[in-house]
Amino acid sequence: MINAQKIVLSDDMYCLGIESTADDFGVGIARSNGEILANAVESYIPVEGGIHPREAARHHAEVANKTLLQALTTAKIKPKDLTAIAFSMGPGLGPCLRTGATVARTLAAYLQIPLVGVNHSIAHIEIGKLETGVTDPVTLYASGGNTMVTAFESGRYRVFGETLDIALGNCLDVFGRQAGLKSQRGLPLGAAIEQQALRGKTLIRLPYVVKGMDLSLSGLVTSAVTQLQKGNHSLEDVCYSLQEHAFAMVTEVTERALAHTEKKEVLLTGGVAANNRLQEMLRIVSEEHGAKFNVVPKKFATDNGAMIAWTGFLAYSQGIVTPIDESYVKLRWRVDRADVPWIN
Ligand code: AMP
Ligand code: MG
């Protein structure tokens, strides 16, 4: 990364952002004033099982052209009008990240405009801040690949707590697949579990594992699958119990981060943010601590290019650009390792 001179943004500047960390290939276009002009997403759906990184990467390469065109057409922007190209540099799956990075490098080189590598997790936080108006939240970022509680402290987003094994969305997806649930009408498995859980009545005791500020979800999902296979409980009751346990764990960690930091805002972001029960639990603890609860709008909850475009602008405004020969992807790039000079 090069920290050059700060750049004064004018209203006619546009950043195109490419997201490709896992199953989604997204292209978003943001204007420097925070307007999101386009947010095109194409998702890879595995034939069976979870995400196969190489197959997902192949999907991304196949849809890149049409997704780019769709975003440019929706935004009514010509490539020559773009100011910068941002891309998800990590964390994520290697083959998927590399496909997005290749598209981004090619565009930036051809158009002779700056390339900006963006931390994917930070982008989830920044799009949430942009869309809800919060400025300094405790954030629960819960998705298919990540689960962490963060807040800005001493110059960086700090991780107050995180999963020690699988992510919250992954926990739901693994259970959903094992339970034979199908994603209907393009609905994610987490949403299918949410529907079942609404009809659950009996809370089954399952492992609840919070260690210090971290949590563990793999035992929970194994136990939920076992309970279902034993046949003593209905699918609705197991879905309900799984949600209650998993969401209570992340809510407990978020509440303790809130009590410690005394921040006045809570933000829920990432794909699992779409879940109404999780929103309800977090709203309750936020209010108990005198903090305002906010949730990212659904269209920006799952992985998307708009969040990369917007965070690219934030970085670029501070003079952050990524030379092409240093633009290698970072599979395990933690939020607390990324500079965020636009926050003070
Ligand atoms: P992301 O990784 O941010 O693209 O988000 C995808 C994850 O969000 C997957 O694990 C989905 O199952 C999960 N998800 C989406 N909608 C819901 C929902 N309504 N309830 C729970 N999880 C959800
Ligand atoms: Mg995704």
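Worth a mention:
- Between residue 65 and residue 276, full extension at 0.36 nm per residue minus the direct alpha carbon distance yields a gain of 72.5 nm.
- Long-range Cα-Cα pairs in segment 75-118 (distance over 15 Å), rounded percent: 42
- Ligands, DNA and RNA left out, the accessible area of segment 181-276 computed with a 1.4 Å probe is 49% carbon and sulfur.
- Taking the accessible area of segment 24-114, probe 1.4 Å, and keeping the other protein chains in place, the carbon and sulfur fraction comes to 54%.
- Between residue 339 and residue 298, residue separation times 0.36 nm minus the direct Cα-Cα distance comes to 12.0 nm.
- A full extension of the chain between residue 54 and residue 8 corresponds to an added length of 12.6 nm, given 0.36 nm per residue minus the alpha carbon distance.
- Using alpha carbons only: equivalent-ellipsoid semi-axes of the chain, gyration tensor based, whole Å: 34, 23, 16
- Rg and Dmax of segment 1-147, Cα atoms only, in Å: 15.3, 49
- Virtual spin-label span in nm between residue 165 and residue 45, 7 Å along Cα→Cβ: 3.0
- Shown for segment 204-258 is the translational diffusion coefficient from the Stokes-Einstein equation, using the Kirkwood radius over Cα pairs, a temperature of 10 °C and a viscosity of 1.306 mPa s: 137 µm²/s.
- Zone residues, segment 137-168, relative to residue 332, backbone N less than 19 Å from point 7 Å out along Cα-to-Cβ: 145-149, 158-168
- For the chain: relative contact order, % (alpha-carbon pairs under 8 angstrom, 6 or more apart): 27
- Antiparallel %, DSSP beta bridges [both residues in segment 45-152], to 5: 50
- Remark: segment 166-257 carries 46 Å² of accessible area per residue (probe radius 1.4 Å; ligands, DNA and RNA excluded).
- From its DSSP helices (H runs of at least four residues, each -39,500 (n - 2.57)), the chain gives a residue-normalised ellipticity at 222 nm of -13500 deg cm²/dmol.
- Once the 1.4 Å probe is applied to the protein heavy atoms, segment 27-137 comes out at 44 Å² accessible per residue.
- Each label was represented as a point 7 Å from its Cα along the Cα-to-Cβ direction; for residue 222 and residue 260 these points are 2.8 nm apart.
- Relative to the globular-protein estimate of 2.2 N^0.38 Å, the Cα radius of gyration of segment 163-272 stands at 1.10.
The values are calculated or read from the model by the stated rules, or taken from the named source; none is laboratory data. The model shown is predicted, which means the values in this text are computed figures rather than measured ones. Ideal geometry is used to build each Cβ from the backbone, glycine not excepted, and the neighbour counts take in all protein chains shown. These area figures cover heavy atoms from the full protein model, side chains too; ligands, DNA and RNA do not enter into them. Shrake-Rupley method; radii C 1.70, N 1.55, O 1.52, S 1.80 Å.
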